[in-house]
Amino acid sequence: MLEFLAPADVPEEPSMLNLAQRMSRAKPSAIMLVAEKAKKLKAAGRDIISFSIGVPNFLPGEHVYAAAHEALKHDSGQYGSNRGSDALLDAFLKHLREGGFEGYERKHLATGVGAKQVLFNLMYALLDEGDEILIPTPYWTSYVDIAEILDAKITLLPCPAEQNYKLTPAQLDAAIKPNTKLLLFNNPSNPTGMVYTPDEVKAIADVLAKHPTLWVLSDDIYNRMIFDGLPYAHLVKARPELRDRVVIIDSISKTYGMPGWRVGLIAGPESVAQAIVTLNSNHITNLPEVVTAAAVAALDGPQDVPKQKNADFSKRRDEVMAALTAIPGVRCPRPQGAFYAFPDISAAFGKKHGTNAIANDVDFCNALLDAKGVACVPGSAFGEPRAIRISYTCKPSELTDGLKRIQDFFAELK
Ligand code: PLP
């Protein structure tokens with residue numbers, strides 16, 4: 001556990017009653033803890049700008065609320081489908097077709113309480129204890145956290161800033177062993193904002209085609225947040241035969257500004273979708289009717305809010321990049337999607353801000369928060385301790401102010 005992220009109130013374990021062994025491997029989400037710390041300082045009256053949590057910070061269109069109200073009026077009060085309602089599955093099928101995916105039917109789909117729970121289900125369904133999972137690094141924290149709970153064998157594939165934080169085909173080819181079970185592929189990426197080009201995706205798909213026993217979880221939840229006219233490239237579009245073992249993961253959280261509504265979706269092989277349905281039948285049972293109606297409206301209705309937000313985020317990306325490239329020694333591969341930047345700040349290591357010595361990313365984030373009131377997530381939370389994550393969805397004025405504070409912080413290092 002990073003010191004910066006230590007949870008405040010961990011209850012003591014009673015001496016005779018033990019939790020399951022697997023809980024010794026479970027830890028709270030590091031990102032949530034940073035966000036909590038920033039929130040507490042703000043509540044205590046500090047002038048805090050939070051670049052920490054990955055929430056889109058906008059609300060969905062009015063039609064989404066109208067659909068939720070309407071659903072309330074007609075609430076059946078009953079349990080629903082373990083897979084997801086037909087209306088939701090059909091709305092997702094439409095969304096898939098618009099994204100260039102053909103040939104999927106309801107039986108290839110399943111839903112869950114956000115992409116995070118869906119990912120947990122998928123990894124639970126695909127990984128036995130000790131099975132190897134490949135995780136390109138930097139990674140979204142929950143991939144590793146969930147794999148650890150499941151006692152999988154995690155092999156990290158380092159993709160440093162020097163290779164634009166992207167997995168290379170040669171690197172993947174060298175990492176796949178006969179018994180490697182699963183690859184996690186995230187595009188666009190959290191935490192780096194990197195987007196693979198169609199050629200890059202094709203080259204990775206070609207490697208995967210050579211290894212027919214490898215499953216792939218493709219976390220594509222930022223697929224409608226891609227800038228610079230880049231297309232949404234995908235392993236399944238590059239090589240349709242991979243459909244038998246690539247699972248597409250989607251969510252309404254980021255695209256539609258609905259992270260609290262908790263709807264995640266998958267499209268994949270029938271056997272995998274069915275496994276999720278079975279797991280759902282043993283825990284969540286179904287998504288609530290009102291939530292489902294809102295999700296259908298978001299997926300099916302006018303897309304102007306997500307389009308507008310995508311344009312906004314691309315402008316903010318430009319602002320973030322202009323500020324970061326002006327700081328000597330900071331290197332930030334240019335994000336082309338999502339709403340994160342992941343600058344390498346290791347130039348600050350070995351220096352001091354006031355009396356605060358900065359030996360690593362955690363010291364950096366602590367000193368930045370203390371001195372300037374700017375909260376960022378240390379890169380080690382994502383497996384890359386030379387960087388920090390900036391989530392740039394705050395108010396525009398806060399973004400400008402926060403970036404200026406980071407520049408001042410660097411200028412004051414000795
Ligand atoms: N996958 C990635 C890459 C994410 O960044 C997140 C949330 O931050 C999730 C999955 C989880 O999304 P959801 O809100 O649908 O659980």
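Observations on the model:
- Between LYS40 and VAL290, the simple spin-label model (points 7 angstrom out along Cα→Cβ) gives 3.2 nm.
- This model, with +1 at the C-beta of Lys and Arg and -1 at the C-beta of Asp and Glu, gives the chain a dipole about its Cα centre of some 680 debye.
- Unit charges at the beta carbon, dipole of the chain: most positive-side option, LEU399, CYS159, ALA311: LEU399
- Over the chain: helical MRE at 222 nm, DSSP H runs n ≥ 4 each giving -39500 (n - 2.57), nearest 500: -12000 deg cm²/dmol
- Converting the Cα gyration tensor eigenvalues of the chain into ellipsoid dimensions via √(5λ) gives semi-axes, longest first, of 33, 25, 23 Å.
- Simple point charges give the picture: +1 on the Cβ of Lys and Arg, -1 on the Cβ of Asp and Glu, and for segment 75-300 a dipole about the Cα centre of about 160 debye.
- Set LYS94/LYS177; LYS352/LYS395; LYS307/LYS351; LYS181/LYS315 screened for pairs whose C-alpha atoms are more than 32 Å apart: LYS94/LYS177; LYS307/LYS351; LYS181/LYS315
- Modelled label reach - ASP318, point 7 Å along Cα→Cβ, segment 182-202 residues with backbone N closer than 20 Å: 193-195
- If R0 is taken as 22 Å, the Cβ-Cβ distance between ASP173 and ASP90 corresponds to a FRET efficiency of 0.05.
- For segment 117-158 and segment 314-368, distance of Cα centres in Å: 28
- Distant alpha-carbon pairs in segment 75-300 (separation over 33 angstrom), percent: 11
Each reported figure results from applying straightforward, stated rules to the coordinates on display, with no laboratory input. No experiment lies behind these values; they were computed from the predicted model shown. All Cβ positions, glycine included, derive from the backbone under ideal geometry; neighbour counts span all protein chains shown.
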